[in-house]
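Asks: If you scroll down you'll find the structure; I have some questions about it.
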Amino acid sequence: MNLLNLLFSFCLLISIASGAHAEALINDGTVNLGMSLPLSGPQAINGLALKGGVESYLHYFNQNGGISGRKIQLVALDDAGDVARTVENTKKLLEEFRVLALLGYHGTAAAEAVLPLLPVAGAPLIGPTSGAESLHEPFNRHVFNLFASYKEETETILNQLDFQTLIEVAVLYQKDRFGQTGLKEAEAVMLKLSLRKNSVGAVAVNSGDVTQAVKTIADGKPQAVLLICPAHPAAEFIKQIHKAGLFPQFIAASYMDVGALFKELGPEARGVAISQVVPIPWSSDLTLLRQYQAIAKQQLISVYGLQGFMAAKLTVEAMQKIGRNLSREKLISALETDYDLGGYRLRFKRDNHSGSKYTEMTVITRDGKLSR
């Protein structure tokens, strides 16, 4: 390679690196926000709901003048739940589409995979849907969590069982880092309460084979079963436990896909308790919920839709604090304060971006909805 080519290559690398921090993030009079999420594949229903929630708020805001006369545009790329595609999409969003921020990534693996890219680009990730502790601790100034952690949800769940004096508690967990972490967190909380770990069953990743777990847990005759696994094995487990003549209280955190669980169980899902990190989206208790219902199309109203709506609303409110001269670094600084999204309050400090500890318990109704 001659000296001219070496010089060109060096300049190109410098351009890419410095471009990630460039202030000019305006494209043809629009400001881009980015998402990589499953718009196809098994998780598409959640990805489409998240995207719909963001788009509904941005459409509403643009119709009312935009930001300093500019429109805000969402660039949403499909990763089909494939983490490798999530990373490639995110690089494209940051470098090619010059997005101001990344919003609402779906799932722990996707959010964790892009963490190394954030400081390089100087871009924030706002409102990931995962409550994994890795997104809360250690502190990461580029991640803004709008929702409580799984650890906080576990505490809410087990305190509820303690209140109901459902002392004998079994755990069904998925045999991966997600499930093992959840099991350890549950064990730690149980030690503080009057609960007893009755029995433990495990299910392999991407498997619905719960035969051994059913036998192990059924032998213990627990009063309650904590489900730390996806909807499919949870549904299989509930069916088989019922067939064995046992009817414990089933309980799970917000990672449980209520729609998928109800699709497999139907009315048999009634009474399964699910902790939530956002208010029930069909409720009218808060100004936030009434605004979401008025802006979003009726068929799009869902928990994931609300989470996307909230991430978009927070981002826009922070952008309004900045004014016309937007940059990724200015957005991070603008986010580090208190926000009220309409009854749902957030507090972001310079050394703590876990904005909310809101959790509440709900149960699945006979028609598949959630009720307090």
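The values are calculated or read from the model by the stated rules, or taken from the named source; none is laboratory data. Source: prediction; values computed, not measured. Note that we place each Cβ from the backbone using ideal geometry, even for glycine, and neighbour counts take in every protein chain shown. In case anyone asks, the SASA skips ligands and DNA or RNA and just uses the protein heavy atoms, side chains included. Shrake-Rupley method; radii C 1.70, N 1.55, O 1.52, S 1.80 Å.
Asks: Percent relative contact order of region 135-256, based on C-alpha pairs within less than 8 angstrom and at least six residues apart?
Replies: Here the relative contact order equals 27 percent.
Asks: Same structure again: Please go through region 167-255 and write out the trypsin sites (Lys or Arg not before Pro) that DSSP classes as loop and that have at most 14 other C-beta atoms within 10 Å.
Replies: Working: sites: K175, R177, K184, K192, R196, K197, K215, K239, K243; in loops: K175.
Counting only loop positions with at most 14 other Cβ atoms within 10 Å, the trypsin sites (Lys or Arg not before Pro) in region 167-255 are K175.
Asks: Considering region 277-372, what Rg and Dmax in Å follow from its alpha-carbon atoms?
Replies: 15.2, 51
Asks: Now, a different point. Given 0.36 nm per residue, what is the gain on full extension from E133 to N64 after removing their alpha carbon distance, in nm?
Replies: Additional length available on full extension: 21.1 nm.
Asks: Please report the carbon-and-sulfur percent of the accessible area for the chain; probe 1.4 Å, protein heavy atoms only, DNA, RNA and ligands left out. Provide the component values of the computation, followed by the final result.
Replies: Numbers: 8910 of 16550 Å².
Answer for the chain: carbon and sulfur cover 54 percent of the accessible area.
Asks: For region 155-219, what is the convex hull volume of the alpha-carbon atoms per residue, in Å³?
Replies: Hull volume over Cα atoms, normalised by residue count, gives 80 Å³.
Asks: Another question about this same structure. Return the whole-Å distance between the Cα centroid of region 135-209 and the Cα centroid of region 84-99.
Replies: Taking the Cα centre of region 84-99 as reference, the centre of region 135-209 is 32 Å away.
Asks: Now a separate question. For helix 3-19, what angle does its Cα long axis make with the longest principal axis of the chain, in degrees from 0 to 90 and rounded to 10?
Replies: Approximately 60 degrees, to the nearest ten.
Asks: As a test of the formula, what do you get for the chain when each DSSP H run with n ≥ 4 contributes -39,500 (n - 2.57) and the sum is divided by the residue count, at 222 nm and rounded to the nearest 500 deg cm²/dmol? It would help to have the intermediate numbers written out before the result.
Replies: Values: 13 runs with 160 residues, N = 372.
The helix contribution divided over the chain gives -13500 deg cm²/dmol.
Asks: Right, next: Out of residues 5 or more away from Y358 or on other chains, whose amide H comes under 5 Å of its own, with H placed 1.01 Å from N in the peptide plane?
Replies: A148
Asks: Using Cα springs under 10 Å in a Gaussian network model of the chain, which residue among F247, F144, F309 shows the largest mean-square fluctuation?
Replies: Of the options given, F247 has the highest mean-square fluctuation.
Asks: Further question on the same structure: In whole Hz, with x marking every Gly and Pro, tabulate ³J(HN,Hα) for region 331-341 from phi via Karplus 6.51 cos²θ - 1.76 cosθ + 1.60, θ = phi - 60°.
Replies: Working through the residues one at a time gives 5, 4, 5, 5, 6, 7, 6, 8, 9, 10, 7 Hz.
Asks: Around I295, under 13 Å between beta carbons, what's the net of Lys plus Arg minus Asp minus Glu among the other residues?
Replies: +2
Asks: So, with +1 on the Cβ of K and R and -1 on the Cβ of D and E, and no other charges, what is the size of the charge dipole of the chain about its Cα centre, to the nearest 20 debye?
Replies: In debye, rounded to 20, the chain gives about 480.
Asks: If you average the C-alpha positions of region 268-317 and of region 215-251 separately, how far apart do those two centres end up, in angstrom?
Replies: 28
Asks: Tell me, what HN-Hα J-couplings in whole Hz come from the Karplus equation 6.51 cos²θ - 1.76 cosθ + 1.60 at θ = phi - 60° for each residue of region 183-200, using x for Gly and Pro?
Replies: So the J values, rounded to whole Hz, are 4, 5, 5, 5, 4, 5, 5, 4, 5, 7, 10, 9, 8, 10, 6, 6, 6, 9.
Asks: For every other residue with a beta carbon closer than 12 angstrom to the beta carbon of T154, add +1 if it is Lys or Arg and -1 if Asp or Glu, then tell me the sum.
Replies: Values: positive: K151, K184, K192; negative: E133, E152, E153, E155, E185, E187.
Within the 12 Å Cβ shell, the charges total -3.
Asks: To continue, here is another question. Just in region 270-347: which trypsin sites (Lys or Arg not before Pro) are loop by DSSP and have at most 15 other Cβ atoms within 10 Å?
Replies: Values: sites: R270, R290, K297, K313, K321, R324, R328, K330, R345, R347; in loops: R270, K297, R324.
Counting only loop positions with at most 15 other Cβ atoms within 10 Å, the trypsin sites (Lys or Arg not before Pro) in region 270-347 are R270, K297, R324.
Asks: Given the chain, what percent of its DSSP beta bridges are antiparallel, to the nearest 5? Could the numbers behind the result be given before it?
Replies: On the way: 13 of 46 bridges.
Percentage antiparallel, nearest 5: 30.
Asks: Further question on the same structure: As a test, work out the antiparallel percent of DSSP beta bridges whose residues both lie in region 56-205, rounded to the nearest 5.
Replies: Once the DSSP bridges in region 56-205 are tallied, antiparallel ones form about 10 percent.
Asks: Give me the 1.4 Å probe accessible area per residue for region 61-203, excluding ligands and nucleic acids, in Å².
Replies: Details: 5710 Å² over 143 residues.
For region 61-203, the solvent-accessible area averages 40 Å² per residue.
Asks: State the label only: which of (i) 1.16; (ii) 1.01; (iii) 0.98 corresponds to Rg/Rh (Cα atoms, Kirkwood Rh) computed from the shown model?
Replies: The calculated read-out lines up with (ii).
Asks: Can you tell me the relative contact order of the chain? Whole percent, Cα pairs under 8 Å, sequence separation 6 or more. Kindly include the intermediate steps, with their values, before the conclusion.
Replies: Details: 716 pairs, mean separation 72.6, N = 372.
Value for the chain: 20 percent.
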